[in-house]
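The structure appears below as structure tokens.
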Protein chains: 4
Amino acid sequence: MAGSTFGQLFRVTTAGESHGPGYVAIVDGVPAGLELGVEDLLPDLARRRPGQSSITTQRDEADRPEILSGVFEGRTTGTPIAILIRNQDQRPRDYSELASKYRPGHADYTFDAKFGFRDHRGGGRSSARETTVRVAAGAIARKLLATVHGIRILGWVRQVGELVADVASPEEVTLEQVEATPVRCPDPAAAARMIELIELVRSERDSIGGIAEVVAVGVPAGWGEPVFDKLKAELAKALFSLPAVLGVEYGSGFGVARLRGSENNDPLRMADGRVVSPSNRHGGMLGGISSGMPIVLRCAVKPTSSLPREQPTVTRAGEETTIATRGRHDPCLLPRFVPMAEAMVALVLADHSLRHRASRIRDLG
Amino acid sequence: MAGSTFGQLFRVTTAGESHGPGYVAIVDGVPAGLELGVEDLLPDLARRRPGQSSITTQRDEADRPEILSGVFEGRTTGTPIAILIRNQDQRPRDYSELASKYRPGHADYTFDAKFGFRDHRGGGRSSARETTVRVAAGAIARKLLATVHGIRILGWVRQVGELVADVASPEEVTLEQVEATPVRCPDPAAAARMIELIELVRSERDSIGGIAEVVAVGVPAGWGEPVFDKLKAELAKALFSLPAVLGVEYGSGFGVARLRGSENNDPLRMADGRVVSPSNRHGGMLGGISSGMPIVLRCAVKPTSSLPREQPTVTRAGEETTIATRGRHDPCLLPRFVPMAEAMVALVLADHSLRHRASRIRDLG
Amino acid sequence: MAGSTFGQLFRVTTAGESHGPGYVAIVDGVPAGLELGVEDLLPDLARRRPGQSSITTQRDEADRPEILSGVFEGRTTGTPIAILIRNQDQRPRDYSELASKYRPGHADYTFDAKFGFRDHRGGGRSSARETTVRVAAGAIARKLLATVHGIRILGWVRQVGELVADVASPEEVTLEQVEATPVRCPDPAAAARMIELIELVRSERDSIGGIAEVVAVGVPAGWGEPVFDKLKAELAKALFSLPAVLGVEYGSGFGVARLRGSENNDPLRMADGRVVSPSNRHGGMLGGISSGMPIVLRCAVKPTSSLPREQPTVTRAGEETTIATRGRHDPCLLPRFVPMAEAMVALVLADHSLRHRASRIRDLG
Amino acid sequence: MAGSTFGQLFRVTTAGESHGPGYVAIVDGVPAGLELGVEDLLPDLARRRPGQSSITTQRDEADRPEILSGVFEGRTTGTPIAILIRNQDQRPRDYSELASKYRPGHADYTFDAKFGFRDHRGGGRSSARETTVRVAAGAIARKLLATVHGIRILGWVRQVGELVADVASPEEVTLEQVEATPVRCPDPAAAARMIELIELVRSERDSIGGIAEVVAVGVPAGWGEPVFDKLKAELAKALFSLPAVLGVEYGSGFGVARLRGSENNDPLRMADGRVVSPSNRHGGMLGGISSGMPIVLRCAVKPTSSLPREQPTVTRAGEETTIATRGRHDPCLLPRFVPMAEAMVALVLADHSLRHRASRIRDLG
């Protein structure tokens, strides 16, 4: 119940199903005075949208957002911004197999266990299409962060299958490098091989997992809360709220298990009158609070569960059967996952940019 | 601000610093009628407490909790339960070095960046000692889950440095196996080597990281919310809210990057009239909702940042210097991390056990 | 910031301005399985809508809601229900006077003080038109409460100016009695005089205040939380969140100031095996928790601030001036206030019907 | 469940029962750097404490608070402040009558209806003694508001029974005037008669209701949120969360029912370069947002339900009986209600002082 809202001060609520009339996000808490228009939402939506390249799903959704409120004469008014994106490419088809059989790897069975009843058309509420309006909301957060703090958030595909990109300095990767190939991997050699692998996997009627990396550069030191609402905890929740994410790490991540304290601790030093810690194995957060260094996160993303081949499963009635999911699916979720992850990081940072402002009495008044 | 509360319906709020008078947790939302006494809190507190073995810190804290409210005649009343644990082993010492120098790997600098002012005695609010009252609160959650649903939550050390335990069936590990050695690793051979490694690392005035694994068995299918409050997202936030956690994964975790969909998808089948999926690469959650299979999580925990050797750092005044943290510290956090992680998992599950109850109209009334 | 969401488990978020494209409500937490369609929203919307009679504003809004999500095959799915109502009757006019002058009694000045910038067209976010989607959301809450618990919520106009209706048994008033006259007063004699008074006031280019009464019959004993989230406190917040409300009372209300304890205490007795307290000066709530008796609330509603006569005020630039608000306004808000108040009561009760379910361990599992 | 927390950014959580070990409040979100010590809590606690005069209850509680966290070297650290107040005057007595019979006007029956079980000693969780820690928390809020904004919050008794005080200029009443008599009424003539009336009522083994008034002077224009979290709505919830409150109004209040718009609208004009509206029938809030004028609220408080005379009631077992509540009780709650009401107003304003800070982009950064 009531799990469709995210954030404390910069707060997003979404609604919608993949094959219903459309999706809505209400973004509450955007400060008044930010220049904003539909055109600010389009670039990220275009990067998330299906049908953008040969290695993504061919479902074709224009994803044209309409801003219904909260913007007046080109600026935000401080009141909630409602964004509507109607579904368009709902090809008429027979959903009766999805109604009666549970797809392996999907939420079909668990939704029925929870609600006793579900919109079974193409995933319903559990569809990754729900992230469309999150990406639109994230674009507002991104603009706020860029405008006020000069923060830059960028993600890319770090790994597909066994193929790992070489990204020496995460904070120096550019949007142009990422967008140079449809796989959104800034290492051109790795990108080429990833594309080949994804095409191969598709031809084998299979799918493949991977790892995405997201970096936020320019976050001031001091954001995040000391205990439960640590910045790392809020970011992890945000990223794990995306479909298909099985793991999140930052800084040294799981590799830290093999490290000694003397290897992992980042020395602090001064640069331009500021405390810095450039080795940044701490991934930009210490004690759950931003350190001023780049925030570096990675997400493990599973291979698409929908496969055009027979897989063993059961029916709602409890009989064993098989199912081959038809329709259009991404053989690898990673390229389109990148803007979703960026959006979630932006939403968390925008929220904490506002929450942070009440930390000290000397800044009040 | 206001980041010291966790949970929606089963809700914990904590306060306290490592060298102040003590810690308080208020646990609100515990249903009325649960048998509860101080004795229910002691076992987990004993497992978390410092000084319990040669491989943990020698700070000696009895951690005797007092229940101040919410329990009457041996049963919960439905009103908030306040737990007080006073600090005892506060050896008088000179904290002036901690006041003026930032310890690498600690939250000293980031707290100052946030608040402009901090209780610098031994970590203050950022000390892992804050988890004492979380563990006490978690013990209540654990009892509620065990009493109502028969849920069993157990964690252990899976890896220390390069040493990885062999744990074939996570759901079959027993508390006795875990508690058989001070390192809390249920694989006896690995445990012996881990203890050796930790002793070695300590003798080298260093520390070492590792991985903990936590399993929840008996969680019914259907818990968790579809979008932002996915069970995996809430569990990840809970675990990332613990100090020193750099990564969280469940099911296939980061290994999924290398898998194909046909390898990773778990087939569904029937057993005893119930939908099951025993290969459980999905780690007990699909679409963010529990599947009825064991929930299997892993956390990457960094090596203790406090090292009894000189490390380069800076002063509050911006001068470069070195600091060797004195005092008593765990050379490896993992053994005492286990009950903390169990507590956080218990808190999330208790919250969702209550939240879940409003999912269907036919269960109301 | 972020003040556009109401409720914990049954949760409503609204967006929209009076002269923008339209309004959206997202209703999250509606349990799965409730039969629901657009037709369930229409009756309350019709009662709230402008232009319904000669004594209300003549702005003509069809208020046709579209359900965008959360309902499948005529039943709720447990996922959020988004409702869209587009604005239609936006007569082109010159808003420059509203942009530059603050209307007395309105939020024009305070919005500018808060946000520094506002949508000045007809009240923008502060317009009572925002309650349109609250009424739609309330209709869902009302249906849930009626279906599961047989709860009936009804309001009426108790007073206009000096005219006070005679309502002997609030729990016996019927919808037919209320809707028998456009003023929504179930005492026919008082209703006739109220209508005359309202017509007179309008002819004098003035407006008039009043008191509405709302009753909820059938609420089981035991709803509400003991301390901050007392049922009376949540209901008061809900009603005070409506425009123009200057006072809320329940049971004896402000009259209690003159009573002695021996006069005000309601004796408890048994009836049909149930504890009852029919004198009900406690208005159905004791200690903030429902007693099983009818919940009886009253709201003081101020006269419409918009008056078609010159009133002294100031400009944004700080010059003293006058303003006569043009356009269509209710000479008395009360008749259209009734469905708004009912909706807010329904939202609170639906939320507490769900929150209540986790009170006792013996009801879990 | 989980209804023991109040506020979004400045957030109070309380626990405790009247006859248990004591009460705890955790105040989270207090900005770092505020000078604070136990001595700041004592004046308001002394005003709330029982046994302070002949017209209040004779239960004797020293109410000595201990600050357990969040304050270091005399200043707040930005981390949660835990306050412990142990119960002391718990005279041993026989509670079996309270266990088996429901007191009229109290929450005994409704708690049992909710939880099926309660701490029946002297009200348990529903006792007004819970407000002790709210008053302590409110003292912190009050100090923050005074320090940062120069805000002054003061309440008094406006009416007892038929006796109404003459308070011409609420914003000019002083603490000295209020504290001049034990009845906390700043009109000396009325105060004398109120004291006589209360003594009379006590001698008749009865109790009497009244009205308290609270004023906040110095609140800047612009605090509060436009829709659900209107400042008036949050203040009303806060005041209704206090025991015995049956009504809340502000500005014209219920009297507005008799007014015309032309009488009730406050003209705006300029004074010292600021927009003002001195007639202040709007009670300092327009559209739910503060206007800069004094905020003026009134609460209707019922007569003490505990009466030392036989009253008809029922037993838990459902038998009709009578009960005469023994023990020490206030014949009139109003004098001790005043600091409770002030505390709740302070908590709401402190919360909104922090929430307000994210309203405009030009104030960020």
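Structure above, values below:
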| item | result |
| --- | --- |
| Out of D:ALA99, D:ALA62, sole residue that is at pLDDT below 95, in a loop (DSSP other than H, G, I, E, B) and either aliphatic (A, V, I, L, M) or in contact with a strand residue (DSSP E or B) (Cβ under 6 Å, 6 or more places away or on another chain) (or both) | D:ALA62 |
| Residue ID - farthest from B:ARG121 (Cα to Cα), chosen from residues in the range B:21-33 that are hydrophobic (A, V, I, L, M, F, W, C) and within 7 Å of another protein chain (Cβ to nearest Cβ) | B:ALA32 |
| Residues located in the range D:278-312, provided they are in contact (Cβ under 8 Å) with a residue 60 or more places away in the chain, on the phi > 0 side of the Ramachandran plot and surrounded by fewer than 22 Cβ atoms within 10 Å (Cβ to Cβ) | D:GLY292 |
| Residue count, the range C:96-122 (criterion: of a type in the set (A, V, I, L, M), within 26 Å of D:LEU259 (Cα to Cα) and more than 10 Å from chain D (Cβ to nearest Cβ)) | 1 |
| Members of the range C:56-69 that are at the interface with another protein chain (Cβ under 9 Å from one of its Cβ atoms), touching a helix residue (DSSP H, G or I) at 6+ places or on another chain (Cβ under 9 Å) and either open to solvent by 10 Å² or more (accessible area, probe 1.4 Å) or not hydroxyl-bearing (Ser, Thr, Tyr) (or both) | C:GLU66, C:ILE67 |
| Which listed residue, of A:VAL71, A:VAL30, A:VAL24, A:VAL12, is closer than 25 Å to A:LEU235 by Cα, of a type outside the set (Gly, Ala, Ser) and more than 18 Å from the chain's Cα centre (by Cα) | A:VAL30 |
| Residues located in the range A:259-271, provided they are surrounded by fewer than 24 Cβ atoms within 10 Å (Cβ to Cβ) and farther than 23 Å from A:ALA168 by Cβ | A:ARG260, A:SER262, A:MET270 |
| Residues (more than 8 Å from chain B (Cβ to nearest Cβ), at pLDDT 95 or above and closer than 16 Å to D:ALA113 by Cα) located in the range C:344-365 | C:HIS352 |
| Residues satisfying the stated conditions in the range A:77-92, i.e. at positive phi and modelled with pLDDT under 85 | none |
| Qualifying position, being more than 18 Å from B:GLY288 (Cβ to Cβ) and at pLDDT 95 or above, among A:GLY16, A:GLY29, A:GLY51 | A:GLY29 |
| Considering residues of the range B:6-15 that are within 11 Å of chain A (Cβ to nearest Cβ) and assigned to a loop (DSSP other than H, G, I, E, B) only, the residue surrounded by the most Cβ atoms within 10 Å (Cβ to Cβ) | B:LEU9 |
| Strands (runs of 3 or more DSSP E) contained in the range B:273-365 and holding at least 2 residues under 30 Å from B:THR181 (Cβ atoms) and of a type in the set (A, V, I, L, M) | B:295-301 |
| The listed residue being among the small types (Gly, Ala, Ser) and under 28 Å from D:ILE361 (Cβ atoms), out of A:ALA128, A:ALA141 | A:ALA141 |
| Any hit, the range D:259-266, residues being touching a Ser or Thr at 6+ places or on another chain (Cβ under 9 Å) and in a strand (DSSP E or B) | yes |
| Identity of the residue in the range A:228-253, within 18 Å of A:ILE211 (Cβ to Cβ) and more than 7 Å from chain B (Cβ to nearest Cβ), that ends up surrounded by the fewest Cβ atoms within 10 Å (Cβ to Cβ) | A:ALA244 |
| Some residue of the range A:335-343 being open to solvent by less than 20 Å² (accessible area, probe 1.4 Å) and either facing chain B (nearest Cβ under 10 Å) or farther than 19 Å from A:VAL173 by Cβ (or both) | no |
| Helices (runs of 4 or more DSSP H) completely within the range A:120-227 that count 1 or more residues being crowded, with 23+ Cβ neighbours inside 10 Å | A:131-149, A:188-203 |
| Matching entry among A:VAL256, A:VAL275 (being crowded, with 24+ Cβ neighbours inside 10 Å and either facing chain B (nearest Cβ under 9 Å) or in contact with a helix residue (DSSP H, G or I) (Cβ under 6 Å, 6 or more places away or on another chain) (or both)) | A:VAL256 |
| Test for B:SER18: is it within 14 Å of chain A (Cβ to nearest Cβ), out of contact with any Leu (no Cβ under 8 Å at 6 or more places or on another chain), part of a loop (DSSP other than H, G, I, E, B) and in contact (Cβ under 8 Å) with a residue 60 or more places away in the chain | yes |
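Table: residues versus (1) more than 10 Å from every other protein chain (Cβ to nearest Cβ); (2) within 20 Å of the chain's Cα centre (by Cα).
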position: A:ARG93; (1), (2): yes, no
position: A:GLY124; (1), (2): no, yes
position: A:THR132; (1), (2): yes, yes
position: A:ARG158; (1), (2): no, yes
position: A:ASP187; (1), (2): yes, no
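The rows are residues; the columns are (1) open to solvent by 10 Å² or more (accessible area, probe 1.4 Å); (2) out of contact with any Gly (no Cβ under 8 Å at 6 or more places or on another chain); (3) of a type in the set (A, V, I, L, M, F, W, C).
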position: B:SER4; (1), (2), (3): no, yes, no
position: B:GLU17; (1), (2), (3): no, no, no
position: B:LEU45; (1), (2), (3): no, yes, yes
position: B:ARG49; (1), (2), (3): yes, yes, no
position: B:VAL71; (1), (2), (3): yes, no, yes
position: B:LEU84; (1), (2), (3): no, no, yes
position: B:SER96; (1), (2), (3): yes, yes, no
position: B:ALA99; (1), (2), (3): yes, yes, yes
position: B:PRO104; (1), (2), (3): no, yes, no
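The values are calculated or read from the model by the stated rules, or taken from the named source; none is laboratory data. Because the structure is a prediction, the values reported are computed rather than measured. Counting neighbours? That spans all protein chains shown, and the Cβs are built from the backbone with ideal geometry, glycine included. What goes into the accessible areas is simple: the full protein's heavy atoms, side chains included, and nothing from ligands, DNA or RNA. Shrake-Rupley method; radii C 1.70, N 1.55, O 1.52, S 1.80 Å.
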